[in-house]
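Heads up, the thing below is written out as structure tokens.
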Amino acid sequence: MTDRNFNPNPYSARRRSLLLAAGASLAAPFAAHAQAGGEDIVIGGSIPMTGVFAFAGIGIDAGMKDYVKMVNDAGGIKGRKIRYVPEDTGYKVDVSVAAFKKITSQNKVNLYYGDSTGFAKTINSELDRNGNILMAGASFATELNDPKKYPHQFLVGPDYTEMFGILLNHIAKEKPGAKVAFVYSDSEFGRDPIDESEALAKKLGLSVPVKIMTPAGSVDVSTEVIKLRRAAPDYTIFHGYILAPIPEFITQGKQQGMKSKWMGTFWTMDSSTVMKMGEAGEGFMGVMPYRYYYDTEKAPMLEKIRALHADYQSTAYIQGFLAAMLFVESAKRTLEAGKPLNGDNLKAALNSIKDFDTGGLIGVPITITGNSIPVGRVYKADMKAQKMVPASDWIKL
Amino acid sequence: MRIGTLKETYLGDAALFDSRTQKGWLIVLAAALVLFPFFAGSYWLYLACLVAINVASASGLNILTGYTGLVSLGQAAFMGLGAYTVAVLEIRLGTPFLLNLLAGGFVAMLGGLVVGIPSLRVKGLYLAIVTIAASFIAHFLFANFDLTGGTAGLTVPPAQIFGLQLDTSFKLYWLIVPITALMLLGSANLFRTRIGRAFIAIRDRDISAEVLGIPLLRTKLLSFGLSSFYAGVAGGLFAYFFRVITPESFPLSMSIFFLAAIIVGGMGTQLGAVLGATFMTLVPEALKLIVDIMPGGASFTVFLSPVRTIVFGLLIIGFLVFEPQGLAEVWRRIRRFFHLWPFRT
């Protein structure tokens, strides 16, 4: 008979597991530090996996992870492995800065992915002071496309003004002298390209009969639609929104007999976002710097992605994937040149990229001379096929 | 075992620090705050500065909402006024940072006085809506003037003292934490004065306060002004800390954050504002640390991040349901436990 009160082990299982957890939590920073002492190339990431931008953050995170795994499986860069250290930010600048501080204090970070324009601007002075990091991110803000002011950052595509430029070039070719309306949100994101793009439109012989600003995500846009109908534009470009109020504008506009062609910019142009527009989305066009997951034109990297994931991967995924690819390429070129991995060298390596083949993620070879990749293509929604199909050739600015 | 504090004079009763033990612990806390930057990494220093800024602003809101009973959802807008004032002065005039911070406080104070005027006529939810309107107006002003840099905002040069640039969390710590400590001391002293007691009288029953001879509008405006001054200075510190301010730096959700902080911390107590702001700032980070050490690490982040947000929300609900008097009351209970140990209350 055993004594039920007798416990041969002074520590109960619960206590032991608590002790183990406490020990693990204490050891975690040391473990991270120990890893940092190795030769890993570290990509840090302020990734919005919760909050209003989570739809993009989750895709970006998956894209970065997949590319890092591909490189590591192939042996890394000159025998050095890539380590991706992400942290959720909820798309808040202060949380994002905290994530940056945390990741950089626990790892020797060489490359970093930021989640917003606000973060990119806030952390810029820290990047300059730190001097060891090259950063890219989810922002396409025109302001960041300035190598003097932001010497250690770059955009993974065209900036918002360049996106407008691609659309306006397409319009000028398709219908010279067309009337183009701009509808944008009352936010930094929305207002970003408007003034410069109006000037460009005039230069291209186009006119801008109306510019309409609405609150981001507004629902009741009936008065704005009346204003838009009066201006009778041939094309209407929406910017600074993800989805709402674009379908409302199009539905009401069509009901009022408008013949405008409707267009959007990158963050509106994910296939799943456009398909959510329903009937209103038929024929919706917009600028996309990357190929879509399902594009059938020659793209070996897309084939690899499709082999990894049988289901559709968002354009945010492609953006994250390409960001990681350009990070790795910069690090590779820096190491091949026998230079230390610091912000200046990594950026110089990035800017040495000329006619680079992205494996078809972007349909033409890219050259990065400044802080952006000023290339894109106009795609159009085919609601029957539930796909975005090319409506132009690749346009380089 | 300590069972009580004997007070023999009115002066003793009104003393800020009423026992030797309390003074001793405060000295320990001050020493810990002085030593902290020398041992902490940049992440913890960053968090310490952020907590201090949030504590400063929350203690300002506590003066208005906790002590005077006037609900405000405009604290972020007042912080914005302070931050923009500091940024404009720093960029355009290059005046010393202390002067800029004071100016930021006073400009926010003016804003607070204007927004406070309706407080004589409206109370509670109605006043909350008035202050929300104020934050919309402030957002419009920030986003539409060249002086404020429009939607792109302003990039603020680092604060400087004797040619030394305060551009790292370590250096900024020595600016932010002492100023916050001073503000807390000022706020604690305020409630030992006639004005502070008038605030409390208004909170408890404004009609009775008026009968007692307290001028309601003047006192309410003063409370608004002081609260906004605190927000303005906190906003100025925010500007020096983040070095970039845009209209989107001060959203309505930030005002809700501060209101939640003083409710969670315990309204109408100094400690409440401190604990509430600290809790609201640090718990999401602490939950992240827990997520990090979970097996699976980064690959689980996608699944655990939303869970973290839910846990944070549930923690707030839990506190309010089970401890409506906030963290300050929990702290008092812990203290009582140790005072009376081995006896139980």
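Counting, for every residue in B:284-291, the Cβ atoms of other protein chains within 10 Å of its Cβ and taking the mean gives 3.
Applying the criteria of a DSSP loop state and at most 10 other Cβ atoms within 10 Å to the trypsin sites (Lys or Arg not before Pro) of segment A:138-185 yields A:LYS148. Each label point was placed 7 Å from the Cα along the Cα-to-Cβ direction; for B:PHE38 and B:THR168 their separation is 1.6 nm. Could you tell me which of rounded, prolate or oblate describes segment B:14-89, using a ≥ b ≥ c as the square roots of the eigenvalues of the alpha-carbon gyration tensor, with rounded for a/c under 1.5 and, failing that, prolate when a/b is larger than b/c and oblate otherwise? Oblate, since a/c reaches 1.5 and b/c is not below a/b. Taking only the C-alpha atoms of the protein assembly as shown, Rg followed by Dmax gives 28.4, 98 Å. Counting protein heavy atoms only, the protein assembly as shown has 64 percent of its accessible area on carbon and sulfur, 1.4 angstrom probe. Close amide H partners of A:VAL42, meaning residues 5 or more places away or on another chain with modelled amide H under 5 Å apart, are A:ARG83, A:ASN110, A:LEU111.
What do you get for Rg/Rh of segment B:40-340 when both radii come from the Cα atoms and Rh is the Kirkwood radius? So for segment B:40-340, dividing Rg by the Kirkwood Rh gives 0.99.
Sparsely packed loop sites in segment A:212-282 (the trypsin sites (Lys or Arg not before Pro) outside DSSP H, G, I, E and B with at most 16 other Cβ atoms within 10 Å) comprise A:LYS259, A:LYS276.
Partner shielding of A:83-89 amounts to 4, given as the average count of beta-carbon atoms from other chains within 10 Å of each residue beta-carbon. Note that segment A:243-397 carries a Kirkwood radius of 17.1 Å, evaluated over its alpha carbons pair by pair. With a cut-off of 13 Å between beta carbons, the residues surrounding B:ILE214 carry a summed charge of +3, where Lys and Arg count +1 and Asp and Glu -1. Interface of A with B. Using a 1.4 Å probe and counting protein heavy atoms only, the two chains hide about 2500 Å² of accessible surface, both sides summed. Measuring nothing but how far apart in sequence close Cα pairs (under 8 Å, 6+ apart) lie, relative to its length, chain B scores a relative contact order of 29 percent.
Net charge dipole, segment A:182-340: roughly 340 debye, given to the nearest 20, about the Cα centre with Cβ charges of +1 for Lys and Arg and -1 for Asp and Glu.
Between the residues B:ALA277, B:THR219, B:LEU98, the greatest Cα displacement towards the positive end of the dipole of chain B, with unit charges on the Cβ of Lys, Arg, Asp and Glu, is found for B:THR219. Other residues lying with their Cβ under 13 Å from the Cβ of A:ASN145 contribute a combined charge of -3, Lys and Arg counting +1, Asp and Glu -1.
Between the alpha-carbon centres of segment B:210-287 and segment B:165-194 there is a gap of 14 Å.
Sorting the segments A:97-109, B:64-76 by their residues' average number of neighbouring beta-carbon atoms within 10 angstrom, most packed first, yields B:64-76, A:97-109. Here is the list for segment B:127-223: chymotrypsin sites (Phe, Trp or Tyr not before Pro) lying in DSSP coil, each with at most 14 other C-beta atoms within 10 angstrom of its C-beta, are B:PHE145, B:PHE162. Rounded to the nearest 20, the Cβ-based charge dipole of segment B:40-340 about its Cα centre (Lys and Arg +1, Asp and Glu -1) stands at 780 debye. A simple charge model with +1 on the Cβ of Lys and Arg, -1 on the Cβ of Asp and Glu and nothing else charged puts the dipole of chain A at about 340 debye relative to its Cα centre. With runs of 4+ DSSP H residues as the only contributors, calculate the mean residue ellipticity of chain B at 222 nm using -39,500 (n - 2.57) per run, divided by the residue total and rounded to the nearest 500. Roughly -23500 deg cm²/dmol at 222 nm, from the helical runs in chain B.
The string of couplings for segment A:262-273 from the Karplus curve (6.51, -1.76, 1.60, θ = phi - 60°) is 9, 9, x, 10, 2, 5, 8, 8, 5, 3, 5, 5 Hz, one whole number per residue in order, with x for Gly and Pro. Our estimate of slack between B:ALA188 and B:LEU99, defined as 0.36 nm per intervening residue step minus the Cα-Cα distance, is 29.7 nm. Once C-alpha pairs closer than 8 Å and six or more residues apart are averaged by separation and normalised to the residue number of chain A, the relative contact order reads 17 percent.
Rounded to whole numbers, the Karplus 3J(HN,Hα) couplings from phi for segment B:204-209 are 6, 6, 5, 5, 4, 4 Hz, using 6.51 cos²θ - 1.76 cosθ + 1.60 with θ = phi - 60°, and x at Gly and Pro. Summing Lys and Arg as +1 and Asp and Glu as -1 over all other residues whose Cβ lies under 10 Å from the Cβ of A:ASN107 gives a net charge of +2. Spatially, segment A:199-213 and segment A:86-115 are offset by 39 Å when compared through their Cα centroids. Each 20 Å bin from zero up to the one holding the largest Cα-Cα distance in chain A carries the following percent of pairs: 26, 52, 17, 4, 1. Is the shape of segment B:83-231 best called rounded, prolate or oblate, per the rule: a/c under 1.5 gives rounded, else a/b larger than b/c gives prolate, else oblate, with a ≥ b ≥ c the square roots of the Cα gyration tensor eigenvalues? In terms of gyration-tensor shape, oblate. With both residues required to sit in the protein assembly as shown, DSSP beta bridges show an antiparallel share near 35%. The accessible-area loss of segment A:102-129 on complex formation, taken against its chain alone with a 1.4 Å probe, reaches 50 Å² or more at A:LYS102, A:LYS121, A:THR122, A:ARG129. Positive end of the dipole of segment A:354-397 (Cβ unit charges, origin at the Cα centre): among A:THR358, A:ILE373, A:ILE395, the Cα lying farthest that way belongs to A:ILE395.
For segment A:271-301 versus segment B:1-80, the spacing of their alpha-carbon centroids is 54 Å. Structural descriptor for segment A:217-269: relative contact order 48 percent, calculated from alpha carbon pairs under 8 angstrom and at least 6 residues apart. Per residue, chain A exposes 41 Å² of accessible surface when a 1.4 Å probe is rolled over the protein heavy atoms with every protein chain present. Once the 1.4 Å probe is applied to the protein heavy atoms, segment B:214-321 comes out at 36 Å² accessible per residue. Ordering A:159-166, B:17-24, A:184-191 by mean Cβ neighbour count within 10 Å, with the highest value first, yields A:159-166, A:184-191, B:17-24. Need one word for segment B:152-208: rounded, prolate or oblate. Basis is the Cα gyration tensor (sqrt eigenvalues a ≥ b ≥ c); a/c below 1.5 gives rounded, then a/b vs b/c decides. Prolate.
For segment A:187-225, a drop of 10 Å² or more in accessible area on going from the chain alone to the assembled protein chains (1.4 Å probe) is found at A:SER187, A:GLU188, A:ARG191.
The values are calculated or read from the model by the stated rules, or taken from the named source; none is laboratory data. Predicted model, so just to flag it, every value in this text is computed and none were measured. All Cβ positions, glycine included, derive from the backbone under ideal geometry; neighbour counts span all protein chains shown. Heads up: the accessible areas ignore ligands, DNA and RNA and are worked out on the full protein's heavy atoms, side chains in. Shrake-Rupley method; radii C 1.70, N 1.55, O 1.52, S 1.80 Å.
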